[in-house]
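**Student:** Input: one structure, supplied below.
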Amino acid sequence: MQPLLTQIASVIRHHLDEVVFGITSVTLVLAGPYINGLLKQITCKMNWFLRFILYVFLCCAGYGFLTHFLYQLLIKTFVHFESYLLVIVTLLSYLVLAWFAKRQKQI
């Protein structure tokens, strides 16, 4: 069992950029409606043009910042994991995201 976990961890480490980017992007896709809803709730009494500008700013700068911040945080965290822990955390991350997507009726 140990050589199998080591081989899987080696594949994950080789593709760590793609794995972390996948986790980051799926997280933001699933959290996006909640973030947009929060912005809508906060700006509901504002002028429509100001709301539009804030939404564009959120999409350009806000989601860009969140993507960069979450990506950097995850990559720095995943690099330090031992082989078995890297496999478990990667698998659990995708399973939790899939469960959340299923709960939201995204899949």
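**Student:** Rank the residues Ser10, Ser93 as a footprinting-exposure proxy: fewest other Cβ atoms within 10 Å of their Cβ go first.
**Tutor:** On the way: Ser10 12, Ser93 18.
Ranked by crowding around the Cβ, least crowded first: Ser10, Ser93.
**Student:** Something else about it: Among the helices of the chain (complete DSSP H runs), which have Cα atoms covering no less than 20 Å along the helix axis and a Kyte-Doolittle mean of at least 0.5?
**Tutor:** Numbers: long enough: 16-42 (37 Å, 1.10); 63-79 (24 Å, 1.02); 83-103 (30 Å, 1.53).
Span-like helices, by this rule, are 16-42, 63-79, 83-103.
**Student:** Just grab the label-to-label distance for His80 and Gln7, each label 7 Å out from Cα along the Cβ direction, in nm (one decimal).
**Tutor:** Computed distance between label sites His80 and Gln7 equals 3.1 nm.
**Student:** How high is the relative contact order of the chain? Use alpha-carbon pairs under 8 Å, at least six apart in sequence, and give a whole percent.
**Tutor:** Working: 42 pairs, mean separation 54.6, N = 107.
About 51 percent, as a whole number.
**Student:** Two-decimal Rg/Rh of the chain from alpha-carbon positions, Kirkwood Rh?
**Tutor:** Numbers: Rg = 17.6 Å, Rh = 15.8 Å.
On the Cα set of the chain, Rg over Rh gives 1.12.
**Student:** Among Trp99, Trp48, which comes first, then next, by fewest other beta-carbon atoms within 10 Å? Spell out each step's value before the answer.
**Tutor:** On the way: Trp99 11, Trp48 8.
Placing the least packed residue first, the sequence is Trp48, Trp99.
**Student:** Sorted by average packing, counted as other Cβ atoms within 10 angstrom per residue and highest first, what order do 54-60, 22-28, 32-38 take? Intermediate results must be reported in sequence, preceding the final value.
**Tutor:** Working: 54-60: 13.6, 22-28: 16.7, 32-38: 12.0.
Packing proxy ranking, top to bottom: 22-28, 54-60, 32-38.
**Student:** At a 10 Å Cβ-Cβ cut-off, how would you order Thr90, Thr43, fewest neighbours first?
**Tutor:** Values: Thr90 20, Thr43 17.
Lowest to highest Cβ neighbour count: Thr43, Thr90.
Read-outs throughout are calculated quantities, based only on the coordinates presented, and are distinct from any laboratory measurement. Please read all numbers here as calculations on a predicted model, not as lab measurements. Every residue, glycine among them, receives a Cβ derived from its backbone with ideal geometry; neighbour counts consider all protein chains shown.
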